[in-house]
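**Student:** The structure that follows is given in the form of structure tokens.
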Amino acid sequence: MQNIEKSPIYNMSMCSLENFHTCFIHWLGSIYPTETLKLFIPDNNMENIKFENQVKHENEYIFDLCVTMGSNNNNESLIIENKLKSFPTEEQLIKYSNAFEGKNATFILLSLAPEIKLPEKWQYLSYSELAKRMHSIFDNANFTNEYHKYLIKDYISVIETISKNFPQNKSTKYDFYDEIVSDDLKDIYIKYRTSELCDYININTNISATVDFRDKQGIINIWCNFENYDIIFLIQIQHNEYRYCLIYGDETENDLRESIANTLVKNNIWFNNCIENYPKARNYQSKKFCGYRPNFLYRYQTLEKLFNKDKMSDVTYQEIAEKIKKDISALIENKYEIVKILVESL
């Protein structure tokens, strides 16, 4: 990474990675529309090519890049969703493609991470492949502007180096936080790997897991609620913590919520095999529970201790998925007793 740090393009890109790359491609398409279009649709020879960025569609969606081409009677669109430091949800991509229902449109997800599963109509393009296509199209181009030639060459070098420094091999271990990528790429790496684990859980357990990101850490959430009762159970994995969470009441009911939680512990239903005391815990006087306002309570165990490993990177996806499946099954089996505890506590 030492040489790339001297690149003006690289230094500028660090201010806002996704927006920078979107704007650069928009600039490239505005100056060299035919060549830039071929980066994304190699066999397209359309005229009247127009690149636009941050396009608002019917006051609802904002597309990173929208390219229109062709005549009024044969108009085509290319929608490029650029995700360098984040990941789109399947719902987001489907909404974008549905917005062009019945129209001649191509949808491409541009991403730094290895190829991911996409909904129907969407194609995947990695930054690594983008660099290869840029070499093919621009290396032997006849530039009249030497500065443009330099910028494009430098940009190709930047995205090549970034791609090479982003791990491309999939893993089945919880090694997200090992120091294997630079700090500049850490966020996207952790987001990609957390999403990978989430997909593994969903596929191998038939349990619905979701992903969140907070404080540069990925979070796996597995929700379980009982119909007609305002109590929610949640398994949450963040960094090296495997959390048993309970959501109930509001911020005026801390004592009641803690009482319910203590009864669940006593009956060996929830919060099993957790750390006993949390000196820095807020909201709950006993210091046996952590929590967030207004109604979130949890206990946790470290992944290392939970799975008897020397370090959390030794824990496998399979072990995590099996543990989640076991805990959710036990929770459902104890539904009657949980409801009884809830009713008796009120």
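**Student:** What is the residue count in region 224-248 for residues that are acidic (Asp, Glu) and modelled with pLDDT of 95 or more? Before you say what the answer is, go through the steps one by one.
**Tutor:** Taking region 224-248 and keeping what is acidic (Asp, Glu), we get 227, 230, 241.
If we keep only those that are modelled with pLDDT of 95 or more too, we end up with 241.
Residues flagged as acidic (Asp, Glu) and modelled with pLDDT of 95 or more within region 224-248 amount to 1.
**Student:** Any chance region 260-281 includes a residue that's in contact with a helix residue (DSSP H, G or I) (Cβ under 6 Å, 6 or more places away or on another chain), under 13 Å from Ser345 (Cβ atoms) and surrounded by 13 or more Cβ atoms within 10 Å (Cβ to Cβ)? Outline the logic, then answer.
**Tutor:** Applying the first criterion (in contact with a helix residue (DSSP H, G or I) (Cβ under 6 Å, 6 or more places away or on another chain)) to region 260-281 yields 260, 263, 270-271.
Within this subset, residues satisfying the condition of being under 13 Å from Ser345 (Cβ atoms) are 260, 263.
Those still in the list that are surrounded by 13 or more Cβ atoms within 10 Å (Cβ to Cβ) too: 260, 263.
For region 260-281, residues in contact with a helix residue (DSSP H, G or I) (Cβ under 6 Å, 6 or more places away or on another chain), under 13 Å from Ser345 (Cβ atoms) and surrounded by 13 or more Cβ atoms within 10 Å (Cβ to Cβ): present.
**Student:** Right, next: Only one of Thr316, Thr302, Thr263 is touching a Ser or Thr at 6+ places or on another chain (Cβ under 6 Å) and among the β-branched types (Val, Ile, Thr). Can you tell me which? Reasoning before the result, please.
**Tutor:** Numbers: Thr302 fails: touching a Ser or Thr at 6+ places or on another chain (Cβ under 6 Å); Thr263 fails: touching a Ser or Thr at 6+ places or on another chain (Cβ under 6 Å).
None of the other options fit; the residue is Thr316.
**Student:** Let me ask you something else. For region 110-137, which residues satisfy the criterion of being of a type outside the set (Lys, Arg) and in a helix (DSSP H, G or I)?
**Tutor:** Tyr127, Ser128, Glu129, Leu130, Ala131, Met134, His135, Ser136, Ile137
**Student:** Look through Ile220, Ile232 and report the one residue that is under 21 Å from Ala209 (Cβ atoms), surrounded by fewer than 16 Cβ atoms within 10 Å (Cβ to Cβ) and β-branched (Val, Ile, Thr).
**Tutor:** Only one candidate qualifies: Ile232.
**Student:** Quick check on this structure: which one of Ile338, Ile328, Ile320, Ile324 is aliphatic (A, V, I, L, M), part of a helix (DSSP H, G or I) and farther than 21 Å from Tyr200 by Cβ?
**Tutor:** Within the list Ile338, Ile328, Ile320, Ile324, the selection yields Ile338.
**Student:** How many residues, within region 248-290, are in contact (Cβ under 8 Å) with a residue 60 or more places away in the chain and among the polar types (S, T, N, Q)?
**Tutor:** Looking only at that region, the number is 3.
The rows are residues; the columns are (1) among the acidic types (Asp, Glu); (2) touching a Phe, Trp or Tyr at 6+ places or on another chain (Cβ under 8 Å); (3) in contact (Cβ under 8 Å) with a residue 12 or more places away in the chain; (4) within 30 Å of Thr36 (Cβ to Cβ).
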{"site": "Gln123", "(1), (2), (3), (4)": "no, yes, yes, yes"}
{"site": "Leu130", "(1), (2), (3), (4)": "no, no, yes, yes"}
{"site": "Tyr147", "(1), (2), (3), (4)": "no, no, no, yes"}
{"site": "Ser157", "(1), (2), (3), (4)": "no, no, yes, yes"}
{"site": "Ser163", "(1), (2), (3), (4)": "no, yes, yes, yes"}
{"site": "Lys170", "(1), (2), (3), (4)": "no, no, yes, no"}
{"site": "Ser182", "(1), (2), (3), (4)": "no, no, yes, yes"}
{"site": "Ile207", "(1), (2), (3), (4)": "no, no, yes, no"}
{"site": "Ile220", "(1), (2), (3), (4)": "no, no, yes, no"}
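**Student:** Right, something else. Sort out which residues of region 283-293 are modelled with pLDDT under 90 and over 29 Å from the mean Cα position of the chain (by Cα), and write them in order of number. If you could, list the steps in order and put the result at the bottom.
**Tutor:** First, pick out the residues of region 283-293 that are modelled with pLDDT under 90: 283-287, 291-293.
Answer for region 283-293, where residues must be modelled with pLDDT under 90 and over 29 Å from the mean Cα position of the chain (by Cα): Asn283, Tyr284, Gln285, Ser286, Lys287.
**Student:** Let me ask something else. For residues that are in contact (Cβ under 8 Å) with a residue 24 or more places away in the chain and small (Gly, Ala, Ser), scanning just region 73-113, find the one that is nearest to Lys164 (Cα to Cα).
**Tutor:** Here the residue is Ala113.
**Student:** Here is a follow-up. Mind checking which residues of region 106-120 are at pLDDT below 90 and either crowded, with 16+ Cβ neighbours inside 10 Å or within 18 Å of the chain's Cα centre (by Cα) (or both)?
**Tutor:** Result: Ser111, Leu112, Ala113, Pro114, Glu115, Ile116, Lys117, Leu118, Pro119.
The values are calculated or read from the model by the stated rules, or taken from the named source; none is laboratory data. Only a predicted model underlies this, so the values are computations on that prediction, with no experimental measurement involved. Ideal geometry is used to build each Cβ from the backbone, glycine not excepted, and the neighbour counts take in all protein chains shown.
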